[in-house]
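I have placed the structure first, in the form of structure tokens, so that the comments after it can refer back to it.
The values are calculated or read from the model by the stated rules, or taken from the named source; none is laboratory data. Model, not experiment: these values are computed from the prediction. We place every Cβ from the backbone using ideal geometry, glycine too, and count neighbours over all the protein chains shown. Surface areas here come from the heavy atoms of the whole protein model, side chains and all, with no ligands, DNA or RNA. Shrake-Rupley method; radii C 1.70, N 1.55, O 1.52, S 1.80 Å.
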Amino acid sequence: MIVWIGMFVFIVGVKALMQDLDTQKKRKTYLIIVGLALALLFALRGENYGGVYDLRVYMDFFEETATTAWGDLFADSDFEVGFVVLNKLLSLLSHNRRTIIVFHAFFCIYSVCRFIYKNTDEVFWAFLFFFSLGNMGFFLTGLRQAIAICVCLFAVEKAKKKKLISFALVTLIAYSIHRSALVFAVMYLLLKMDLFKRNKKMIILPIILMMIFSSQIIGFGQMLSDEVLAAETATFSFNGIVPILIYALTIIGQIILVKTKKQSEKDPPTEHKDPYIGFSMTAMGLGLYFLRFYNMALERISFYFLQGAPVGLADVVGYLKHERIGRVFELIIIVLCFLLFWHRLDGASYADYVFFWRKQI
């Protein structure tokens, strides 16, 4: 646990040393420093944690793939074609069984940092929220799906530029790694529908539709997910309610932020940053996350969209910090993030960090 708390302090400490991240160069430098540190923690962690052995499964699979001929790769594999090919390609670089873990670490953290850099100027807040709201914890406990999610983050940039074919190809790559990525195809429609951009309140429509057609969505999720959905029914709990409140406040804050700034199509956001990304992804993620109370497996699927929540919330907090309250507000948010992160560590399978060279049970 001390390692993760140390990382939290490092994220805040680097920001304090760099002070205001008011240029693109400073923002990029900040993300490189904290991103590299977090990627190293991902890469150096032990293969067993909290009685969870999925890392060992993936490492064993990598080792087996490395010594298997191309013609025999897909004979007995239960994994998707893209994930099998990825393992084989990585084995051409190294046969060390930890290669897949190192790839997961650096690819995922790079993808997140790139996504943050391209979609918000509030990079400190976005990275802090990614670390403390649960996104990072999900990456630690779902290696294959985390890789697919991060491939989808590249698809977002294609959707922003209305490049349908490129978006479809990138999404298909993600689907070939984890079939649940198919759900991300709706992202292109969200970014293309001017109705939601003109009136952000209308984003509640797909959330309502998801609630109405929840049984059909659960069935679709069963087809996409590796989880046995019937055995994964959730109950209302603190762990489930708090994220919903945070995501809901993010959406409300985004609506108020845009209204306050009086943005219009005559006064569009800069090409580099699109405030609609965090908003639309959070709204879709929230709709799916609600369905966790019907079935926990849908919570995992919601994380394809909830990667936008740190960006959307960062924009809201950044605006309030600069325009309304200032440093006191900044300190309060940091403390709240720490308390939430501390609560999440309590009982988390990854809480007791162990470096891979230490003896593990």
Item to check | Solvent-accessible area of R56 with every protein chain in place, 1.4 Å probe, in Å² to the nearest 10 | outcome: 90
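For the range 15-65, what is the accessible area per residue in Å², given a 1.4 Å probe and the full set of protein chains?
Working: 2520 Å² over 51 residues.
Ligands and nucleic acids excluded, the figure is 49 Å² per residue.
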Checklist outcome for this item: Summing +1 per Lys or Arg and -1 per Asp or Glu among the other residues with Cβ less than 12 Å from K28's Cβ gives +4
Next on the checklist: Can you compute log10 of I(q)/I(0) for the range 1-73 with the Debye formula, treating each Cα as one identical point scatterer, at q = 0.18 Å⁻¹?
Outcome noted: -0.81
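If the chain between N48 and I241 were fully stretched, how many nm would it gain, using 0.36 nm times the residue separation less the Cα-Cα distance?
Values: separation 193, 0.36 × 193 = 69.48 nm, distance 2.92 nm.
66.6 nm is the gain from fully extending N48 to I241.
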Item to check | Pairwise label distance in nanometres, F329 with L89, each label 7 Å out on the Cα-Cβ vector | outcome: 4.4
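Hey, if we sort I255, I101 by accessible area with the 1.4 Å probe, largest down, what's the order?
Numbers: I255 45, I101 0 Å².
The most accessible residue leads, giving I255, I101.
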Next on the checklist: Show me the ranking of peptides 122-131, 65-74 by mean Cβ neighbours inside 10 Å, starting with the highest.
Outcome noted: 122-131, 65-74
Item to check | Length gained when the stretch L189-I256 is fully extended (0.36 nm per residue, less Cα-Cα span) | outcome: 21.7 nm
Next on the checklist: Net charge within 15 Å of H95 by Cβ-Cβ distance, Lys/Arg positive one each and Asp/Glu negative one each, not counting H95 itself?
Outcome noted: 0
Checklist outcome for this item: If each part is reduced to its alpha-carbon centroid, the range 160-181 and the range 13-84 end up apart, in Å, by 20
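Please work out how much length the chain gains when fully extended from A16 to I32, using 0.36 nm per residue of separation minus the C-alpha to C-alpha distance, in nm with one decimal.
Values: separation 16, 0.36 × 16 = 5.76 nm, distance 1.56 nm.
In short, 4.2 nm is gained.
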